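Worksheet for the structure shown next.
Every number here is computed from the coordinates shown, using simple stated rules; none is lab data. Quick caveat: nothing in here was measured; it's all calculated off a predicted structure. As a convention, Cβ positions derive from the backbone with ideal geometry for all residues, glycine included, and neighbour counts pool all protein chains shown.
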Amino acid sequence: MQTGRRHFFVSSAALALGAALPTILSAQQPADATYERLPRPLPKEEAGKVAVLEFFSYGCNHCNDFHPIISRWAARQPAHVVFRRIPVAWNTTWASLARLYYALEVNGELAKLDSKVFDALHQQRLKLYTDKAILDWYAKQGGNSEKFSEIMKSFTVMSKVNQGEKLRQSAQVESVPAIVVDGAYQMLGANYEELLQNTDKLIAQIKGQ
C-alpha cells in the first residue's frame with residue numbers, strides 16, 4: 001500500500017480483506033496534477049487507439065464503489081478508446097478472485113455475473129476466498145460448477161492472471177482502483193468523478209496530438 005498519499009476512508013473490515021486504496025493525488029505532485037508518468041511505458045494495445053486500463057479487485061471495497069461509476073463511463077466511450085479491466089493478484093485471496101474474473105470472461109458470463117460477484121462479497125458478505133466457496137456460489141447462479149472449475153484451473157485463465165500481474169508490476173500499481181491511460185500515465189484525482197474527468201481530458205489531449 002502506498003504511503004505519502006491522501007486516501008479515501010477504508011473500514012477495518014476492508015483492510016482485513018487486503019483491500020487497497022484508490023490512487024489519488026500524491027503529496028509530491030503539484031496541486032493541479034492530473035496524472036503521474038509511469039517510469040516505464042507499457043506496450044501499446046492497438047495502433048490508433050487510446051487504451052484505458054482499470055486495475056481492480058472484486059475484494060476491494062473501493063473497487064466495489066467505483067464499479068458502477070466506471071461502468072457507466074466505459075459505456076459512453078467512443079470507438080477510439082479501448083477499455084480493459086485487469087484484476088490484480090497480489091495475494092492468494094485476490095488471485096482466486098482474478099481467476100474467477102477471467103473464468104467468467106472465458107465462459108462468456110462476465111456481463112451477466114460481474115456485478116453479482118461484487119454484490120456477493122460486499123452486500124451479502126459471502127467469503128468467496130477459496131475455489132470451493134466460489135464454485136458453490138457459481139452453482140447457485142445456475143452454472144455447471146464442475147465445468148467452471150476446469151476453466152478456473154485452465155492454462156488460458158492462469159496465463160491471463162500471470163499476464164495481468166506482469167502488467168501491474170510494470171505499471172507499478174500499488175493501490176486499486178487505478179487507471180492507466182495509453183500505457184504511460186497513471187491517473188490522479190481527489191475522488192472518483194475527478195479521476196474520470198482527468199482521464200477524459202488526457203484522452204482528448206492524446207487523440208488531438
Cα centroid of region 47-122 to Cα centroid of region 181-209, whole Å: 18 Å
Under-5 Å amide H pairs with residue 184, H placed in peptide plane, nonlocal only: 42
Debye, to nearest 20: dipole size of region 141-209, +1 on Lys, Arg Cβ, -1 on Asp, Glu Cβ: 240 debye
Beta bridge orientation in region 12-208: antiparallel %, DSSP, nearest 5: 55 percent
Modelled FRET efficiency - R0 25 Å, residue 141 with residue 191, Cβ distances, 0.05 increments: 0.15
Above-threshold pairs, the threshold being 32 Å between Cα atoms, out of 49/147; 49/127; 127/201; 147/207; 44/153; 112/160: 49/147; 49/127; 127/201; 147/207
Trypsin sites (Lys or Arg not before Pro) restricted to DSSP loop in region 145-205 with at most 16 other C-beta within 10 Å: 153
Charge dipole (debye, nearest 20) of region 80-209; +1 at Cβ of Lys and Arg, -1 at Cβ of Asp and Glu: 220 debye
Most positive-pole-ward Cα, 196, 173, 79, against dipole of region 12-208 from beta carbon charges: 79
